[in-house]
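**Q** The structure that follows is given in the form of structure tokens.
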Amino acid sequence: MKKKISNFINKKNKSKIVSLTAYSKNIASILDNFCDLILVGDSLGSVLYNYKSTREVTLNMMIEHSKSVRMGVKKSLMVVDMPYNTYRNSKEALINAKKIMTKTKCDAVKLEGGKKIFKIVKLLVKNKIPVMGHLGVLPQSAKKFKFKGKKISERKKILNEAKLLESAGAFSMVLECVESSLAKIITKNVNIPTIGIGASANCDGQVLVTDDLLSLNPINVRFVKKYSNIRKEIVKAVSNYSEEVRKKTFPSKKHSY
Ligand code: KIV
């Protein structure tokens, strides 16, 4: 485990880090060939369950989805989001992080926040639980999803929190919707990889929600590039199937016993 994490950190300043989300085995097994890190993100709350926010996602949901993802991930680093209200204090965080690690066999957990989670990150790391941080827009607590880093005070706060996370022992951090020049400054000022989502090419790596880039999740935000329209492909396949069933051309003898 230590080796996997240090190999990941060593990619900083050498090669760009590729990361995507997965919520289940089949998708995870495809991503595994192309990714350095696969994140079981609590974005599954809105993407799969239509929740208004990630705050409704439970520990149990994260564990069950992660168990499925684990079956598809052989080589990438697998990171699981700790959902809202599962790390309100150090004791709670340690119990729940241990539960996630042992039940899902993931490599690390991800927590949102900076100063607020400093002691928690320190404690988890002391207990050999690798931690990924998450700064910028924090979906578990955000009221508005506006990019971060316009105001000087906000820039200073995020930069300080990035340094704090590193000093607490985090091995990497997600920067979500962080202004480009601030992402550059943070990336230069920490020795651990920064993984951006809507945070420019100045980060050490990138992460996107897989359902977004495949157009499975009908979302339209500036930072999501649609690499495919899988929805169209599914419509084509399902429409052919339904037509053939109704025309009685499926199943043919070839597909029957
Ligand atoms: O929950 C998630 O998918 C995430 C990524 C967007 C970074 O945290």
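The values are calculated or read from the model by the stated rules, or taken from the named source; none is laboratory data. Here the structure is a predicted model, which is why all the values come from computation and not from measurement. Note that we place each Cβ from the backbone using ideal geometry, even for glycine, and neighbour counts take in every protein chain shown. These accessible areas exclude ligands, DNA and RNA; they are computed on the full protein's heavy atoms, side chains included. Shrake-Rupley method; radii C 1.70, N 1.55, O 1.52, S 1.80 Å.
**Q** Given Val109, Val80, Val73, which one is crowded, with 21+ Cβ neighbours inside 10 Å, free of Cβ contacts under 8 Å to residues at least 40 places away in the same chain and within 16 Å of the ligand (Cβ to nearest atom)?
**A** Residue meeting the stated conditions: Val109.
**Q** Among the residues of region 177-196, are any closer than 20 Å to Met78 by Cβ, out of contact with any Cys (no Cβ under 7 Å at 6 or more places or on another chain), away from the ligand (no atom under 11 Å from the Cβ) and not in a helix (DSSP H, G or I)? Walk me through it before giving the result.
**A** First pass over region 177-196, keeping only residues closer than 20 Å to Met78 by Cβ: 192-196.
Cutting the leftovers down to out of contact with any Cys (no Cβ under 7 Å at 6 or more places or on another chain) gives us 192-193.
Cutting the leftovers down to away from the ligand (no atom under 11 Å from the Cβ) gives us 192-193.
Imposing the further condition that a residue be not in a helix (DSSP H, G or I) reduces the set to 192-193.
Yes, that holds for at least one residue.
**Q** Among the residues of region 219-238 satisfying the criterion of being assigned to a helix (DSSP H, G or I) and open to solvent by 70 Å² or more (accessible area, probe 1.4 Å), which is nearest to Val47 (Cα to Cα)?
**A** The qualifying residue nearest to Val47 (Cα to Cα) is Arg231.
**Q** Right, another one. Could you say whether any residue in region 114-123 is part of a strand (DSSP E or B) and within 15 Å of the ligand (Cβ to nearest atom)?
**A** no
**Q** Within region 133-153, track down each residue that is within 19 Å of Arg55 (Cα to Cα) and either in contact with a Ser or Thr (Cβ under 8 Å, 6 or more places away or on another chain) or among the charged types (D, E, K, R) (or both).
**A** Passing the criteria: Gly133, Pro139, Gln140, Lys143, Lys144, Lys146.
**Q** Does Ala22 fit the bill of being more than 15 Å from the ligand (Cβ to nearest atom) and open to solvent by less than 10 Å² (accessible area, probe 1.4 Å)? Don't jump to the end; show me each part of the working.
**A** Numbers: more than 15 Å from the ligand (Cβ to nearest atom): no; open to solvent by less than 10 Å² (accessible area, probe 1.4 Å): yes.
No.
**Q** Which one of Asn50, Asn85 is away from the ligand (no atom under 11 Å from the Cβ), in a loop (DSSP other than H, G, I, E, B) and touching a Lys or Arg at 6+ places or on another chain (Cβ under 9 Å)?
**A** Answer to the selection: Asn85.
**Q** So, one more: For Asn7, which of the numbered conditions (1) of a type outside the set (Lys, Arg); (2) farther than 19 Å from Tyr227 by Cβ; (3) in contact with a helix residue (DSSP H, G or I) (Cβ under 9 Å, 6 or more places away or on another chain) fails to hold?
**A** Of everything listed in (1) of a type outside the set (Lys, Arg); (2) farther than 19 Å from Tyr227 by Cβ; (3) in contact with a helix residue (DSSP H, G or I) (Cβ under 9 Å, 6 or more places away or on another chain), Asn7 misses just condition (3).
**Q** Is it true that Tyr241 is in a loop (DSSP other than H, G, I, E, B) and more than 16 Å from the ligand (Cβ to nearest atom)?
**A** Details: in a loop (DSSP other than H, G, I, E, B): no; more than 16 Å from the ligand (Cβ to nearest atom): yes.
So Tyr241 fails the test.
**Q** In region 202-222, what count of residues is obtained for those that are touching a residue at least 12 places away in the same chain (Cβ under 8 Å) and away from the ligand (no atom under 12 Å from the Cβ)?
**A** Summing the residues that are touching a residue at least 12 places away in the same chain (Cβ under 8 Å) and away from the ligand (no atom under 12 Å from the Cβ) in region 202-222 gives 7.
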